[in-house]
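Asks: Quick one: the structure is below, questions incoming.
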Protein chains: 2
Amino acid sequence: MAHLDRVFHSLSDGTRRAVIAQLASGPASISDLAQRHRMALPSFMKHMRVLEESEIVTSRKTGRIRMCALRPDMLATAQSWLEHERSIWESRLDRLDCFVETLAKEETTHGHE
Amino acid sequence: MAHLDRVFHSLSDGTRRAVIAQLASGPASISDLAQRHRMALPSFMKHMRVLEESEIVTSRKTGRIRMCALRPDMLATAQSWLEHERSIWESRLDRLDCFVETLAKEETTHGHE
């Protein structure tokens, strides 16, 4: 549960979602990522930490450059949760449809009697 | 953007996700929902406010009972965002596959020369 908390918390900020969108097209260095956001570096690094803590983003230092990459399996976890809840909701709607249909049929049958 | 912030923030807490899961099976009263959570009512009501602010949950007072229902279109917004990012990621992987295949073919062709 705690892990899903962190994943959804990561997604609840526009800057972090923009970083995810950027990394979806391929790995990038911290400085490349930071350049696109008009934000002081320490604030930007806080967002990167949140993304790493939720394991949505992973980073590795190569020489003097820290490269970041997306771990899409973590987004998949969030997606699965949403899909599951929507499928429960939709099967409930299907059952309601079915119920209304049965009522309508009964109405017709009684009408013909 | 601010709306997605609120939707994902709503989803970042276990109690709120449990309420969503409960409402996916059908509307429920505030007291029904609160009963399932071992939590002081004021704390529980804070969670309900977060869910209503993000428009994931809607509520209506009928007499003395406040009934809550899910608005699954708000979950759909979050799901769409995740799907979009994953599709970008996956098309990137497809392009990489394609590139590796082309390299392999060129290798074979040069090998035969």
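The values are calculated or read from the model by the stated rules, or taken from the named source; none is laboratory data. These numbers were taken from a predicted model, which means no experiment stands behind them. Using ideal geometry, Cβ is built from the backbone for each residue, glycine included, and neighbour counts are taken over all protein chains shown. These area figures cover heavy atoms from the full protein model, side chains too; ligands, DNA and RNA do not enter into them. Shrake-Rupley method; radii C 1.70, N 1.55, O 1.52, S 1.80 Å.
Asks: With respect to the numbered conditions (1) within 28 Å of A:Val57 (Cα to Cα); (2) free of Cβ contacts under 8 Å to residues at least 12 places away in the same chain; (3) among the charged types (D, E, K, R), which one is the sole condition not fulfilled by B:Arg38?
Replies: With respect to (1) within 28 Å of A:Val57 (Cα to Cα); (2) free of Cβ contacts under 8 Å to residues at least 12 places away in the same chain; (3) among the charged types (D, E, K, R), B:Arg38 is out only on (1).
Asks: Another question about this same structure. Out of the range A:73-83, which residues are among the polar types (S, T, N, Q) and open to solvent by 20 Å² or more (accessible area, probe 1.4 Å)?
Replies: A:Thr77, A:Ser80
Asks: All but one of (1) within 19 Å of B:His84 (Cβ to Cβ); (2) out of contact with any helix residue (DSSP H, G or I) (no Cβ under 9 Å at 6 or more places or on another chain); (3) not small (Gly, Ala, Ser) hold for A:Arg17; which doesn't?
Replies: Of the numbered conditions (1) within 19 Å of B:His84 (Cβ to Cβ); (2) out of contact with any helix residue (DSSP H, G or I) (no Cβ under 9 Å at 6 or more places or on another chain); (3) not small (Gly, Ala, Ser), the odd one out for A:Arg17 is (2).
Asks: Scan the range A:1-10 for residues that are surrounded by 15 or more Cβ atoms within 10 Å (Cβ to Cβ) and either more than 14 Å from chain B (Cβ to nearest Cβ) or closer than 15 Å to A:Asp73 by Cα (or both) and report the count.
Replies: Residues flagged as surrounded by 15 or more Cβ atoms within 10 Å (Cβ to Cβ) and either more than 14 Å from chain B (Cβ to nearest Cβ) or closer than 15 Å to A:Asp73 by Cα (or both) within the range A:1-10 amount to 5.
Asks: Something else: Filter the range B:11-24 for residues that are more than 8 Å from chain A (Cβ to nearest Cβ) and of a type in the set (Ser, Thr, Tyr) and give the result. Spell out the reasoning first.
Replies: The initial filter retains those residues of the range B:11-24 that are more than 8 Å from chain A (Cβ to nearest Cβ), namely B:15-16, B:18-19, B:22-23.
Of everything in the range B:11-24, just one residue is more than 8 Å from chain A (Cβ to nearest Cβ) and of a type in the set (Ser, Thr, Tyr), namely B:Thr15.
Asks: Let me ask something additional. I'd like the residue in the range A:25-72 that is polar (S, T, N, Q) and away from chain B (no Cβ under 14 Å) and, out of all such residues, is surrounded by the fewest Cβ atoms within 10 Å (Cβ to Cβ).
Replies: Among residues in the range A:25-72 that are polar (S, T, N, Q) and away from chain B (no Cβ under 14 Å), the one surrounded by the fewest Cβ atoms within 10 Å (Cβ to Cβ) is A:Thr62.
Asks: Still on this structure: Checking A:Arg92 against (1) more than 29 Å from B:Leu70 (Cβ to Cβ); (2) more than 23 Å from the chain's Cα centre (by Cα); (3) not small (Gly, Ala, Ser), only one condition comes out false. Which one?
Replies: Of everything listed in (1) more than 29 Å from B:Leu70 (Cβ to Cβ); (2) more than 23 Å from the chain's Cα centre (by Cα); (3) not small (Gly, Ala, Ser), A:Arg92 misses just condition (1).
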